[in-house]
Amino acid sequence: MSGVKIEIEISGLDRVNEMLNRIISNGNELSPAMRQIGEHIQESTQDRFLSMISPDGSPWEPLSDTTLSLKKRKDRILTEEGILSGSINYQHSADSVIIGTPLEYGAIHQLGGTTSASSMMPNKDIPARPFLGISESDEDAIVVILKEHLSDI
């Protein structure tokens, strides 16, 4: 997947890590849980294009006057036709979930940076407007998914 992606590393999510270790120690298959987690995070990520809030809860920086003058849809920061939000997808395996977008321009919106000389707004600084990541409510949902998976064992 080119563009931008996020891989969830369990080291910072103590509750999730504890539950995954219980599942793994029992020798159980995590693929169904990883699929559910991927579906949840995909939807949560797409919702950020409506709320315009980063996973850490901070609002995205408003658009510049220059950008606003070029947009047809002025009420949403990273949405013109919904291509970026519609491209959010995930891949899962028995022990991981990767979420991201195959669109290369997703990276500059996620991380910020300076546009290329050939872009519609050449050599302009773009602030980071993170849409990929795990919010506190996402972490809570992951715990619920893992608990349900454990109860099915």
Residue 98 - would you say it is assigned to a helix (DSSP H, G or I), among the hydrophobic types (A, V, I, L, M, F, W, C), surrounded by 14 or more Cβ atoms within 10 Å (Cβ to Cβ) and out of contact with any Pro (no Cβ under 7 Å at 6 or more places or on another chain)?
no
Filter the stretch 81-95 for residues that are in contact with a strand residue (DSSP E or B) (Cβ under 8 Å, 6 or more places away or on another chain) and open to solvent by 60 Å² or more (accessible area, probe 1.4 Å); the one that is farthest from residue 30 (Cα to Cα) is 91
In the stretch 45-68, how many residues are outside any loop (DSSP other than H, G, I, E, B) and either farther than 19 Å from residue 136 by Cβ or open to solvent by less than 80 Å² (accessible area, probe 1.4 Å) (or both)?
11
Could you list, in sequence order, all residues of the stretch 78-98 that are β-branched (Val, Ile, Thr) and at pLDDT below 95?
79, 97, 98
What number goes with the only condition from (1) touching a helix residue (DSSP H, G or I) at 6+ places or on another chain (Cβ under 6 Å); (2) modelled with pLDDT of 75 or more that residue 56 does not pass?
(1)
Cβ pairs under 7 Å, 6+ apart, first in the stretch 44-63 and among the basic types (Lys, Arg), second crowded, with 16+ Cβ neighbours inside 10 Å and assigned to a loop (DSSP other than H, G, I, E, B):
48/131
Residue selected from the stretch 114-153 under the condition assigned to a loop (DSSP other than H, G, I, E, B) and of a type in the set (S, T, N, Q), by the criterion surrounded by the most Cβ atoms within 10 Å (Cβ to Cβ)
135
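The values are calculated or read from the model by the stated rules, or taken from the named source; none is laboratory data. Here the structure is a predicted model, which is why all the values come from computation and not from measurement. Methodologically, a virtual Cβ is constructed for each residue, glycine included, from the backbone with ideal geometry; neighbour enumeration extends over all protein chains shown. Ligands, DNA and RNA are excluded from the accessible area calculation, which covers all protein heavy atoms including side chains. Shrake-Rupley method; radii C 1.70, N 1.55, O 1.52, S 1.80 Å.
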